[in-house]
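Below: the structure, in structure tokens.
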Amino acid sequence: MDRFVVHPSGPLEGTVAVAGAKNSALKLMAASLLAEGTHVLHNVPRIADVDLMADLLRSMGLAVERHLTGALSIDRPDEVGTEAPWELVEKMRASIVVLGPLLARHGEARVALPGGDDFGHRPIDMHLASLEALGASFTTAHGFVEGRTDGLVGARILLEFPSVGATENVLMAAVLAKGETVIENAAREPEIADLAAYLNRMGAKVFGAGSSTIVVEGVEELVPVEHTVVPDRIEAATFLAALGVCGGEIVVQGARGDHMHMLVQKLGDMGLRTSPHPDGLWAMARGRLRATDIATLPYPGIATDYKPLLLTMLSVAEGVGIVTENVFSGRFRYVQELNRMGAQIRVEDHHAIVRGVARLSGAPVRAPDIRAGAALVVAGLVADGETVVLDAHHVDRGYERFDDKLRGLGADVTR
């Protein structure tokens with residue numbers, strides 16, 4: 001039963017609400033390790049990855065509870081365990097961000113090497129090297145990274161690549177380090193700014209988050225607070241992609257166009273119109289999309305998470321588009337599934353050449369990861385016949401009530 005069944009759909013109409021950002025909520029939950037007491041997070045998505053992070057925190061001795069209001073409370077006792085077990089970490093790569101908070105508060109951490117979606121080689125060397133610059137030392141054995149420190153001290157850290165995870169780990173460690181830490185070539189994603197806002201509300205002194213240079217002045221202690229998670233820009237992009245292939249007019253409630261500047265520009269090049277709306281973002285698509293060239297880059301460029309959705313849109317656009325992957329080397333593994341549906345996509349190294357066709361053809365396909373799984377569901381909306389997307393549990397990791405939300409716009413999707 002772990003599948004989506006999709007039939008071709010006409011123009012989409014109505015309003016759809018996006019949940020809080022998965023890539024922010026998980027890191028905010030990890031940040032609760034920095035201060036004992038009860039933390040309250042609002043707008044946390046009801047998705048499998050949040051459940052996994054909750055289980056990880058519970059394994060360390062924290063109490064995590066979802067309330068009827070939708071809020072998530074995290075009660076962090078004075079003493080917690082400092083080990084993140086393999087059976088949880090191997091399911092979700094974001095688990096590695098507990099490393100920084102544990103070292104900052106307890107001077108030790110034992111974290112299993114992370115798993116999660118397989119996009120190719122994604123080493124954690126940058127995380128470890130940056131934390132070593134703050135005074136931690138590490139050993140790796142038996143599938144675990146063990147870190148220790150007698151006290152973190154601020155330092156100047158230059159990241160060789162604007163890694164989101166490394167920026168978050170260093171940021172959460174630096175807020176309790178002695179002195180000043182400067183993170184250069186830091187990731188600039190909205191989720192980084194959201195984490196910094198949460199930490200500042202807790203009593204941290206973080207300046208410049210959202211830019212390439214973040215300055216952190218260490219403090220003695222932090223306190224628990226309430227915070228609302230920023231909207232999920234990747235979920236918003238998914239509904240825009242569905243609109244692009246089906247046509248119609250929708251409002252994506254909660255979406256923030258200022259978090260998606262480059263994407264909105266590219267969608268405009270393809271013929272999809274957007275405009276700010278009091279509730280979020282208005283969008284309209286009429287007729288067949290136009291092909292364009294796309295390259296993924298760190299924020300504020302086109303996010304690699306958008307790419308499966310964009311390839312799906314290009315697969316039924318008029319003309320030929322070239323998509324270049326500059327972030328993860330292995331993230332074209334869903335292309336064969338789109339080609340099974342009649343798409344004409346050829347992959348050469350880190351490029352995909354997409355020749356648009358008028359319609360796709362329904363087929364059984366398999367979701368390899370969160371975003372590719374969602375993109376295959378979107379592809380089914382413009383495929384003749386029936387499309388069955390297997391391994392729907394991947395999509396559950398990043399989307400709350402995905403089929404319900406699409407049906408609310410008039411799409412023919414069942415779970």
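A few remarks follow.
- Candidate set from the stretch 305-342 (those that are of a type in the set (V, I, T) and modelled with pLDDT of 95 or more); member that is surrounded by the most Cβ atoms within 10 Å (Cβ to Cβ): T312
- So G268, is it at pLDDT below 95 and of a type in the set (G, A, S): no
- All of E189, E168 fail the test of being more than 27 Å from P85 (Cα to Cα), crowded, with 23+ Cβ neighbours inside 10 Å, assigned by TED's automatic domain parsing to the domain that holds L113 and touching a residue at least 60 places away in the same chain (Cβ under 8 Å), apart from E189.
- Residue among I183, I250, I234 that is buried (at least 24 other Cβ atoms within 10 Å of the Cβ) and touching an Asp or Glu at 6+ places or on another chain (Cβ under 8 Å): I250
- Output for the stretch 41-63, where each listed residue is closer than 20 Å to P224 by Cβ and without any contact (Cβ under 8 Å) to a residue 12 or more places away in the chain: R58
- Residue check for G287: in the same structural domain as M313 (by TED's automatic domain parsing) and at pLDDT below 95: yes
- Test result for G70, modelled with pLDDT under 95, among the small types (G, A, S) and in contact with a Phe, Trp or Tyr (Cβ under 9 Å, 6 or more places away or on another chain): no
- Sole exception among (1) surrounded by 24 or more Cβ atoms within 10 Å (Cβ to Cβ); (2) in a loop (DSSP other than H, G, I, E, B) for D150, by number: (1)
- Checking each residue in the stretch 207-231 for being in contact with an Asp or Glu (Cβ under 8 Å, 6 or more places away or on another chain), within 23 Å of L152 (Cβ to Cβ) and crowded, with 22+ Cβ neighbours inside 10 Å picks out only V216.
- Within this structure, A166 fails the test of being out of contact with any Lys or Arg (no Cβ under 7 Å at 6 or more places or on another chain), small (G, A, S), more than 15 Å from G100 (Cβ to Cβ) and in a helix (DSSP H, G or I).
- Checking each residue in the stretch 185-218 for being of a type in the set (D, E, K, R) and touching a Ser or Thr at 6+ places or on another chain (Cβ under 7 Å) picks out R188, E191, D194.
- Candidates R355, R273, R290: the one that is closer than 26 Å to S9 by Cα, touching a helix residue (DSSP H, G or I) at 6+ places or on another chain (Cβ under 7 Å), surrounded by fewer than 18 Cβ atoms within 10 Å (Cβ to Cβ) and of a type outside the set (F, W, Y) is R290.
The values are calculated or read from the model by the stated rules, or taken from the named source; none is laboratory data. These numbers were taken from a predicted model, which means no experiment stands behind them. A quick note on method: Cβ atoms are made from the backbone with ideal geometry, for glycine too, and the neighbour counts reach across all protein chains shown.
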